[in-house]
Amino acid sequence: MKNLSKIVLLIVVFMTILSCKQQQQARMPISRSSGTFMKESAVRNKKLIAGEEGKIDSIIKSNPKIQYLASKKGYWYHYQIKNENDTLRPKKGDVAQFDYEIMDLKGNVVYSEVELRPQTYLVDKQNILMGLRDGIKLMRKNEKVTFLFPSHMAFGYHGDNKLIKSNQPIICTVTLNDFKPKEKITPQVNLPKNE
């Protein structure tokens, strides 16, 4: 019996040593990424942007009397009402008060000024449409500007989950009613919370 227990113990020790000596090989990934997804995505986005810019370009060409300006950020705009008297424009931290409406590229109203109600916006410190964030800083008090935003400057891939679809370019008409430095706002004005 002693010999049997020694043999069993010896076999267990021997098996343990053998199992320790076998090194596991690193497993290869199940799928290897060759970067094709990113390349295909870039191609899709370029086609999408080119298509949207083509539609916007046709709007601009169909209204030769209106002088559209191209922004550095990739959208177009024109002044319906221009204020030549003031030189100041909203800057970071100012409180801007504006009205706006949103239309599709066919000119159908998606959201009216009444639906969107007057807005109070803490410039560059609150989340709003990327195009509006930049566009408001181009405006002077009492100006009315129409912006042609490609979808990436508007509601992007997701739309607004209501009336604006995925990848939908929009026309946005904005009236900048007023703006003031935050410190000059009277205490009874309720500023919206930063999102």
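Of note:
- Among the residues of segment 2-52, those identified as at pLDDT 75 or above and open to solvent by 100 Å² or more (accessible area, probe 1.4 Å) are K6, F37, M38, K39, E40, R44, K46, K47.
- Every listed requirement among (1) of a type outside the set (A, V, I, L, M, F, W, C); (2) out of contact with any helix residue (DSSP H, G or I) (no Cβ under 6 Å at 6 or more places or on another chain); (3) farther than 29 Å from N63 by Cα; (4) open to solvent by less than 70 Å² (accessible area, probe 1.4 Å) is met by K125 save one, (4).
- For segment 161-172, taking the residues that are crowded, with 18+ Cβ neighbours inside 10 Å and of a type outside the set (A, V, I, L, M, F, W, C), the one that is farthest from L105 (Cα to Cα) is identified as N167.
- Within segment 135-160, the residues that satisfy the criterion of being open to solvent by 20 Å² or more (accessible area, probe 1.4 Å), at pLDDT 95 or above, charged (D, E, K, R) and assigned to a loop (DSSP other than H, G, I, E, B) are R140, K141.
- Just one residue in the set T120, T87 is within 22 Å of the chain's Cα centre (by Cα) and not hydrophobic (A, V, I, L, M, F, W, C); that residue is T120.
The values are calculated or read from the model by the stated rules, or taken from the named source; none is laboratory data. In this text, all values refer to a predicted model and were calculated from it rather than measured experimentally. Note: ideal-geometry Cβ built from the backbone for every residue, glycine included; neighbour counts use all protein chains shown. Accessible surface areas use protein heavy atoms only, side chains included; no ligands, DNA or RNA. Shrake-Rupley method; radii C 1.70, N 1.55, O 1.52, S 1.80 Å.
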